[in-house]
Amino acid sequence: MLDSGDVPLEPLPSVVTAKPRKRQTLLTLPFAPFPPTRTRDRGPVFPVGPKTQAFRNSFYPRVADAQWNDWRWQLKSRITSYQDLGSMLALSEAEQAAANCGAPLPLAITPYYLSLFHDQGPDNGVRRSIVPTGFERLVNPGEAEDPLGEDHHSPVPGLVHRYPDRVLFLTTDYCAAYCRYCTRSRRVGKKACSSGNRKHWDAAIDYIARTPSVRDVLLSGGDPLTMSDAALDYLLGRIRAIPHVEVMRIGTKAPMVLPQRITPQLTRVLRRYHPLMISVHCTHPGELSPESAEAFKRLADAGIPLGSQTVLLKGINDDVPTLKSLMHGLLKNRVRPYYLYHCDPVQGTGHFRTSVAKGVEMIEGLRGHTSGYAIPTFVVDAPGGGGKIPVNPDYIVGQDGDDLVLRNFEKKQFRTHDPLTAPACGMGDK
Ligand code: SF4
């Protein structure tokens, strides 16, 4: 979380639990439902989808459009208590179990994100990814607090240097909403953590400046886009000033949980620092909405290449139709599917983890059945810091003499001439 005492920039707003409003009938509402509304100071129209509007009508009928579409209001109004959540959702037994025994990860859901599943049951994919259950208390064999060994690859606090030419900069421990399977649950949302203050930023920037092999800096967290425009401007400017840094990337879930954050002011800041890329963390097609589409449009129109990162989660997105629908929806929004992750063995996430074979099955179900642009790379992030290891279906059947035998997506076999010994070219072979 940002330490406002150390960062000489606009601090994050304090987190205030939303007071859920009583249900009202639609006829008494003071504002019109869909189509789009205009924000007070965010410039162009920001849409409000019909699902979200219905939720507003029920629980936030007196919240004006300008407030609802203000990302700071969304952050201040996050639902952070089981009592408030229970007033908006009929909690299942498993969800109540989390409330009764306390969850290891804090609970936080923006009103906007809750609107995407407020009328869905406990099996809904978006709901399962963000509403805690008692299963988080179960620790399974092989699970660890820091399964990727990030803390052992940190030359300075808040910076992970695991690959030769790039670093992971943990800018803040704060997120708009807390995903229940988070790899960094050991630090996000916990005040005692070290990243996100000026002292640690300076140490990380100094390290990058004196390490010429670093050509690519990934800003992550927590979610960097929960920080103010001024803080981002400062940080991106400092890193961009380092001559050997060629590329900067930002990892964020804001377009899915806080799309209102993608303001014209923000894109004006970001576009000053090209080449800059954004990896969007998305989980389920239910996260795609008129609001997220507008956020993606604003980022893409600012010339920012967009990629996606998705964690494969049992019962949430581990079937081909769901995954294909998500990948197609992303592509339509100019987001190129990038990585599909095997769920890291973080403590308390066993109920989400599929087998690695399930991930291979997903790629098998996509490859050949949709365009290559819609197919992410399935990777296992090796425990202990081994890095991302791609795992693919095997399309090589075998070698037969000078032929390589391959199979296609329909399991039909084909041969291609591929001699084990390259023929001599006849020139210069003496
Ligand atoms: S947005 Fe990323 S860092 Fe934040 S809780 Fe979700 S997975 Fe963790």
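The values are calculated or read from the model by the stated rules, or taken from the named source; none is laboratory data. All of these numbers come straight from a predicted model, not from anything done at the bench. Cβ sites come from the backbone with ideal geometry, for glycine too, and all protein chains shown count toward neighbours.
Ile262 satisfies every condition listed in (1) within 21 Å of Gly307 (Cα to Cα); (2) of a type in the set (Val, Ile, Thr); (3) within 12 Å of the ligand (Cβ to nearest atom) except (3). The residues of segment 100-154 that are of a type in the set (A, V, I, L, M) and either without any contact (Cβ under 8 Å) to a residue 40 or more places away in the chain or within 15 Å of Ala177 (Cα to Cα) (or both), listed by number, are Ala103, Leu105, Leu107, Ala108, Ile109, Leu114, Leu116, Val126, Ile130, Val131. Looking across segment 317-345, just one residue is assigned to a loop (DSSP other than H, G, I, E, B) and either among the basic types (Lys, Arg) or not assigned by TED's automatic domain parsing to the domain that holds Ile375 (or both), and that is Arg334. Of the residues making up segment 346-356, one or more are outside any loop (DSSP other than H, G, I, E, B) and surrounded by 19 or more Cβ atoms within 10 Å (Cβ to Cβ). Working carefully through the options Lys297, Lys314, find the one that is in a helix (DSSP H, G or I) and surrounded by fewer than 19 Cβ atoms within 10 Å (Cβ to Cβ). Only one candidate qualifies: Lys297.
Exactly one residue out of Thr283, Thr263, Thr252 is touching a residue at least 60 places away in the same chain (Cβ under 8 Å) and under 30 Å from Ser355 (Cα atoms): that is Thr283. So for segment 154-170 (the condition being basic (Lys, Arg) and in contact with a Gly (Cβ under 9 Å, 6 or more places away or on another chain)), does at least one residue qualify? Yes, the conditions are met somewhere in segment 154-170. Counted as qualifying within segment 77-127 are the helices (runs of 4 or more DSSP H) with 1 or more residues that are surrounded by fewer than 15 Cβ atoms within 10 Å (Cβ to Cβ), namely 82-88, 93-101. Mind telling me which of the residues Arg78, Arg128 ends up being over 22 Å from His351 (Cα atoms) and either modelled with pLDDT of 95 or more or under 17 Å from the mean Cα position of the chain (by Cα) (or both)? Of Arg78, Arg128, the one residue that is over 22 Å from His351 (Cα atoms) and either modelled with pLDDT of 95 or more or under 17 Å from the mean Cα position of the chain (by Cα) (or both) is Arg78. When Ser279, Ser292 are checked against the criterion of being within 16 Å of the ligand (Cβ to nearest atom), outside any helix (DSSP H, G or I), of a type in the set (Gly, Ala, Ser) and not assigned by TED's automatic domain parsing to the domain that holds Ala66, a single residue qualifies: Ser279. How about segment 375-396: which of its residues are exposed (fewer than 13 other Cβ atoms within 10 Å of the Cβ) and of a type in the set (A, V, I, L, M)? Hits for segment 375-396 are Ile389, Ile396.
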